[in-house]
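Each reported figure results from applying straightforward, stated rules to the coordinates on display, with no laboratory input. Source: prediction; values computed, not measured. Here the Cβ positions follow ideal geometry from the backbone for every residue, glycine too, while neighbour counts run over all protein chains shown.
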Ligand SMILES: [Zn+2]
């Protein structure tokens with residue numbers, strides 16, 4: 001399902017193509033996050049206009065609400081949400097560990113209480129794959145345990161063994177699309193290698209680096225990728241889960257990553273923060289009160305084509321829904337367009353200079369805050 005088209009001569013950056021039943025995805029790719037079956041505030045038609053290639057859905061959230069029966073009756077997540085392009089779903093593992101209460105983890109799976117109504121639920125490897133099959137996912141992620149940061153080596157090693165046991169069980173459950181294994185091992189290079197090699201032995205359709213973006217410093221995040229990537233086959237897609245800021249994604253691509261998802265562009269939009277090539281800009285700041293220009297000069301997004309910063313600032317300050325939507329559209333466009341530029345740069349053999357210019361330029365905005373995905 002993955003075709004490696006070209007590789008940058010001076011880094012590990014790759015141009016690739018993923019083929020799914022709902023469409024072809026050019027990589028590197030950014031996947032907007034649709035936690036509850038919707039990318040917050042954005043319709044499927046708008047996602048198409050932004051040239052979104054694939055979105056992410058969350059098994060945990062959709063399993064709890066509205067529940068699988070309803071989604072099955074309404075035609076799976078594609079029919080229910082009316083997004084007809086490719087969908088990647090996470091297995092629910094990350095949310096079970098980060099959101100659910102009263103967890104009991106055994107080799108069979110995780111018993112937990114719903115964070116919505118306290119109902120007692122269970123998700124194990126089989127359940128996680130069955131949920132994703134019902135959703136009709138084009139790319140299903142294996143059920144894994146995501147250890148916290150920081151984490152003792154003994155805990156990380158035991159957790160990894162359980163994740164590998166679950167991986168074998170997940171492989172047996174039929175799903176309509178591809179299955180991606182998730183490399184774990186926390187911050188330990190030897191565990192990362194062990195995890196990657198064991199998963200590759202089981203032969204999945206692609207591989208993710210998991211257990212990143214859990215509160216670790218950026219160096220640890222990059223190290224987790226550097227300690228996993230060398231053991232992953234070149235002819236399969238690689239996905240760094242839950243990342244990142246724009247420069248972090250550029251650096252991950254230089255380290256051989258093809259796919260990203262991150263809540264940042266949509267989440268920070270709802271507080272009036274916009275991405276630009278010079279860094280983030282907070283539209284609530286007084287300096288934008290009379291600004292006639294767009295959020296970013298030259299941006300072709302629906303917000304920048306039409307509206308002034310002053311107007312969008314007014315909407316955001318007044319808690320108007322349109323203001324949050326416009327900043328969301330701009331931020332998604334920024335992330336998606338960054339990937340378009342990177343794909344072109346890799347094809348033309350100019351990724352090295354693009355990387356240098358982008359990373360240096362980002363952060364020039366005096367307003368840039370040190371925003372991390374967590
Ligand atoms: Zn824009």
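Before moving on, here are some points about what is shown:
- Put simply, the stretch 1-113 fits an ellipsoid with semi-axes of 29, 21, 12 Å; these come from the alpha carbon gyration tensor as the roots of five times its eigenvalues, largest first.
- Distance (nanometres) between label positions extended 7 Å along Cα→Cβ at residue 305 and residue 65: 3.5 nm
- Relative contact order, percent, the chain [alpha-carbon distance under 8 Å, six or more residues apart]: 17 percent
- When Rg and the Kirkwood radius Rh are both evaluated on Cα atoms of the chain, their ratio Rg/Rh stands at 0.96.
- Computed from Cα positions, the angle between helix 153-172 and the longest principal axis of the chain comes to roughly 80 degrees.
- FRET efficiency, 1/(1 + (r/R0)^6) with R0 56 Å, evaluated for residue 292 and residue 155 via beta carbons: 0.50
- Exposure proxy for 69, 320: other Cβ atoms within 10 Å of each Cβ, ordered fewest to most, give 69, 320.
- Sequence-distant contacts, meaning Cα pairs under 8 Å at least 6 residues apart, place the relative contact order of the stretch 269-361 at 29 percent.
- Length gained when the stretch residue 278-residue 168 is fully extended (0.36 nm per residue, less Cα-Cα span): 35.1 nm
- Build a GNM of the chain with springs between Cα atoms under 10 Å apart, and of 351, 307, 30 the one that fluctuates most is 307.
- Using a Förster distance of 56 Å, the FRET efficiency for residue 234-residue 73 (Cβ separation, nearest 0.05): 0.85
- Angle in degrees between helix 125-135 and the longest Cα principal axis of the chain, rounded to the nearest 10: 50 degrees
- The stretch 147-197 versus the stretch 222-238: alpha-carbon centroid distance in Å: 14 Å
- Averaging Cα coordinates gives a centre for the stretch 1-37 and one for the stretch 318-347; these two points are 18 Å apart.
- Counting only Cα atoms, the stretch 222-374 measures 52, 30, 25 Å along its principal axes, largest extent leading.
- Order of 101, 171, 236 - criterion: other Cβ atoms within 10 Å of each residue's Cβ, fewest first: 101, 171, 236
- Among 190, 90, a tally of other beta-carbon atoms within 10 Å of each Cβ gives an order, fewest to most, of 190, 90.
- The simple spin-label model puts a point 7 Å past each Cα toward its Cβ; for residue 82 and residue 116 those points are separated by 2.1 nm.
- Each residue of the stretch 52-141 gets 88 Å³ once the volume of the Cα convex hull is shared out per residue.
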